[in-house]
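The values are calculated or read from the model by the stated rules, or taken from the named source; none is laboratory data. Just so it is clear, the structure is predicted and the values come from calculations on it, not from any experiment. Note that each Cβ is placed from the backbone with ideal geometry, even for glycine, and that neighbours are counted across all protein chains shown. Remember, those area values only see protein heavy atoms, side chains included, never the ligands or the DNA or RNA. Shrake-Rupley method; radii C 1.70, N 1.55, O 1.52, S 1.80 Å.
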Amino acid sequence: MESDKRLHTISYLLDTALDSEEEYLYEGEMSSYVCTYAGDAVDELSWLFRGSAPTEGEIELCVEALSDPHRMERGRSKELLLRLRERSRPILDALGNSPDPQLRIFALETGNTSLNPYFHDPLYGTIELERRLLEDPDEDVQVVALKTARHTIVHNAAYLKNTVERGAGNPMLDLLSRIVARLDDPSPRVKTAAANTVLRWAEEVGEETL
């Protein structure tokens, strides 16, 4: 079946992207440079997912491959997701729904990684992952969600200030409200992380807005 063939192809590309250390010299008409088989495999995965979004079974295969502790420790899992850019989103969503809290933390931290060295441009370009995992039953996940949300809140400080002043509502303000609600959390760690996030926002917008 065609779906089985595609699944086999994705499995092969994942193994190559996550494990290969081999390089080769590409020689074109005007230039020559070193390429890696791992990089080529990621490019092929991206091309496959651009043509047709990954199915549930393909996402499960990706999550299983990326969740390998050795690959995660070496940074290869994160590197692959970053290179997939916006096509990594369904995989990050699946990691964020994992029963393993460490994988949910991995999804938060990887999704919050900026793709631009000059300003905050997160891989996961929406706030849905942070909003959802602020409600996580695991304390460690909540703390990481608050820390990653800090970047989001500070980066959007001026927008949030205008929203507050207009008395308007939007998902970003909802995220801030959820963070403020954590100031009454029974966990000292969660409460401290929430306070630090609110204070960083206050530094940007001033006491009157706070």
- Item | Residue count, region 20-38 (criterion: closer than 23 Å to Gly75 by Cβ and open to solvent by less than 70 Å² (accessible area, probe 1.4 Å)) | 5
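Can you work out which of the residues in region 86-132 that are of a type in the set (Lys, Arg) and under 22 Å from Pro171 (Cβ atoms) is surrounded by the fewest Cβ atoms within 10 Å (Cβ to Cβ)?
Looking at the filtered set, the residue picked out is Arg132.
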- Message: Tell me the residue from Val205, Val154 that is open to solvent by 20 Å² or more (accessible area, probe 1.4 Å), farther than 30 Å from Leu61 by Cα, of a type in the set (Val, Ile, Thr) and touching a helix residue (DSSP H, G or I) at 6+ places or on another chain (Cβ under 6 Å), please.
- Response: Val154
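Being closer than 27 Å to Ser88 by Cβ, out of contact with any Gly (no Cβ under 8 Å at 6 or more places or on another chain) and open to solvent by 20 Å² or more (accessible area, probe 1.4 Å): is that true of Asn162 here?
no
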- Would you mention how many residues in region 80-120 are within 24 Å of Leu13 (Cβ to Cβ), assigned to a helix (DSSP H, G or I) and β-branched (Val, Ile, Thr)? 2
- Would you be able to tell me the number of residues in region 6-18 that are of a type in the set (Phe, Trp, Tyr) and open to solvent by less than 40 Å² (accessible area, probe 1.4 Å)? 0
- Filter result (part of a helix (DSSP H, G or I), open to solvent by 80 Å² or more (accessible area, probe 1.4 Å) and over 17 Å from Arg89 (Cα atoms)) within region 45-78: Pro69, His70, Glu73
- Query: If you check Ser3 against the conditions, is it in contact (Cβ under 8 Å) with a residue 40 or more places away in the chain, open to solvent by 20 Å² or more (accessible area, probe 1.4 Å) and either small (Gly, Ala, Ser) or touching a strand residue (DSSP E or B) at 6+ places or on another chain (Cβ under 8 Å) (or both)?
  - Reply: yes
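Does Arg83 satisfy being open to solvent by 20 Å² or more (accessible area, probe 1.4 Å), over 22 Å from Ala145 (Cβ atoms), within 13 Å of the chain's Cα centre (by Cα) and not acidic (Asp, Glu)? It would help to see each step written out before you state the result.
On the way: open to solvent by 20 Å² or more (accessible area, probe 1.4 Å): yes; over 22 Å from Ala145 (Cβ atoms): yes; within 13 Å of the chain's Cα centre (by Cα): yes; not acidic (Asp, Glu): yes.
Yes.
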- Do we find that Ala41 is touching a helix residue (DSSP H, G or I) at 6+ places or on another chain (Cβ under 9 Å), within 21 Å of Lys5 (Cα to Cα), of a type in the set (A, V, I, L, M, F, W, C) and open to solvent by 50 Å² or more (accessible area, probe 1.4 Å) in this structure? no
- Tally, over region 1-21, of residues that are farther than 17 Å from Ser67 by Cβ and either in a helix (DSSP H, G or I) or of a type in the set (A, V, I, L, M) (or both): 11
- Item | helices (runs of 4 or more DSSP H) contained in region 121-210 and holding at least 1 residues free of Cβ contacts under 8 Å to residues at least 24 places away in the same chain, of a type in the set (Val, Ile, Thr) and within 15 Å of Ile105 (Cα to Cα) | none
